[in-house]
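Written below as structure tokens is the structure these notes are about.
The values are calculated or read from the model by the stated rules, or taken from the named source; none is laboratory data. This is a predicted model, so every value here is computed, not measured. Backbone-built Cβ (ideal geometry, glycine too); neighbour counts: all protein chains shown.
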Amino acid sequence: MLTRISIVAALTVVPCALVSSAFGQAPVVDGTLDAIYVPANDLAVQALTTGFGNSTLGLVDVANGSELDGLHAVVNGGVLYLFFGGNLESNFNKMEVFIDCRSGGQNRLPGNNPDVDFNALNRMGDDGSGNGLTFDTCFSADFYLTTTCGGTPVAMYANLAQLLTEGGGIGSYIGTGTPGSVPIDNVKYGVKVAINNSNIAGVDGDGGNASGAGVTTGIEMSIPLILLGYDATTQKNIKICAAINGGGHDYLSNQFLAPLAPMGNLGEPRSVNLSTVEGNQYAVLVVDANEPDCPVVPPACPPDFNGDQLIDGSDLAALLSGWGTAAGDTNGDQTTDGSDLATLLSAWGPCV
Ligand SMILES: [Ca+2]
Ligand SMILES: [Ca+2]
Ligand SMILES: [Ca+2]
Ligand SMILES: [Ca+2]
């Protein structure tokens, strides 16, 4: 079991840790749950029966339903490992994984993301009307990974992409494998993805068991922190939002982790706004328990000319010395006059 302290240690030595195994046995990316994931890193458990079918076959490759039963995550040797208990139906249903691991990113998917997996991101993103899949308020995705499986014999495929604040990042197809036997192993990016579809436990379909607890096979992946753009100077905790989507990235299921409030499949992705769904539809791998869930934005304080978060005599002096010019302007009219003086006096004291 990896303790919180050892997670922090691993993260603070990211560059050299990529070639190190100094932090214990790394998980094997094979679609089965390793002991190192549990129990401290059991991040989310499904609470809804699946609207995308309960798989009953028990085969490692072919599944006749999709469900996300639970999420386990751990950082080891500078690599993020994610294990999702469940099944991915071998009909090209999509597993969508969004990761928030630094400041900035996308709270709502725009329409100018990289074209990966038949333009998956832009199929979910803004079509020009101001819509686009929207996450919870304190989640802004920085990285995307999607995997799928299907065909005869069953093969699996995966793609990844950067999600930059302004869009336009880099994306790539990362290879193929075989569920239950051959993981995707992309050397260029250092990413692995595996599926073991043999789960017949976890949640059922409508009316059955609604707890995903205890599932030990499913979808597993490893992603280097450097590839994620992880930046502990801006955000230490790693947030994950995952969902099952339709074959064209065009119809979201009700299988999210962290789980949705009770509801059926969500459908059209670009119309979904998770901030309007009760609770957070993301899980948090806690590195710093004291880090606020939402980024702290310094309060706007226009008359604070020296940035000390206090409106006082030094700011008044600055305003008066700029009288009649833009130097003491607080309202954007490019001059300093009585209205700016009034603003300053009314804000006297600490910025709030
Ligand atoms: Ca494993
Ligand atoms: Ca972010
Ligand atoms: Ca099940
Ligand atoms: Ca929500």
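What the table shows:
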| quantity | calculated |
| --- | --- |
| One residue from Ser253, Ser275 being touching a residue at least 12 places away in the same chain (Cβ under 8 Å), more than 23 Å from Asp117 (Cβ to Cβ) and in contact with a Ser or Thr (Cβ under 7 Å, 6 or more places away or on another chain) | Ser275 |
| Which listed residue, of Asp206, Asp231, is in a loop (DSSP other than H, G, I, E, B), within 16 Å of ligand 3 (Cβ to nearest atom), among the acidic types (Asp, Glu) and in the same structural domain as Ser90 (by TED's automatic domain parsing) | Asp206 |
| Those residues of region 313-324 which are loosely packed, with under 15 Cβ neighbours inside 10 Å and not in a helix (DSSP H, G or I), in sequence order | Trp323, Gly324 |
| Extreme residue, farthest from ligand 2 (Cβ to nearest atom), among residues of region 212-227 that are under 12 Å from Ala242 (Cβ atoms) and hydrophobic (A, V, I, L, M, F, W, C) | Ile219 |
| Exclusive hit being out of contact with any strand residue (DSSP E or B) (no Cβ under 6 Å at 6 or more places or on another chain), closer than 12 Å to Ala243 by Cβ, more than 16 Å from ligand 3 (Cβ to nearest atom) and assigned by TED's automatic domain parsing to the domain that holds Lys236, set Leu133, Leu109 | Leu133 |
| Failed item, numbered, when Tyr173 is tested on (1) farther than 24 Å from Asn280 by Cα; (2) outside any strand (DSSP E or B) | (2) |
| Flag if Ser55 is within 22 Å of Pro224 (Cα to Cα) and away from ligand 1 (no atom under 16 Å from the Cβ) | no |
| Subset of region 218-228 (residues that are away from ligand 3 (no atom under 11 Å from the Cβ) and under 19 Å from Asn93 (Cβ atoms)) | Ile219, Glu220, Met221 |
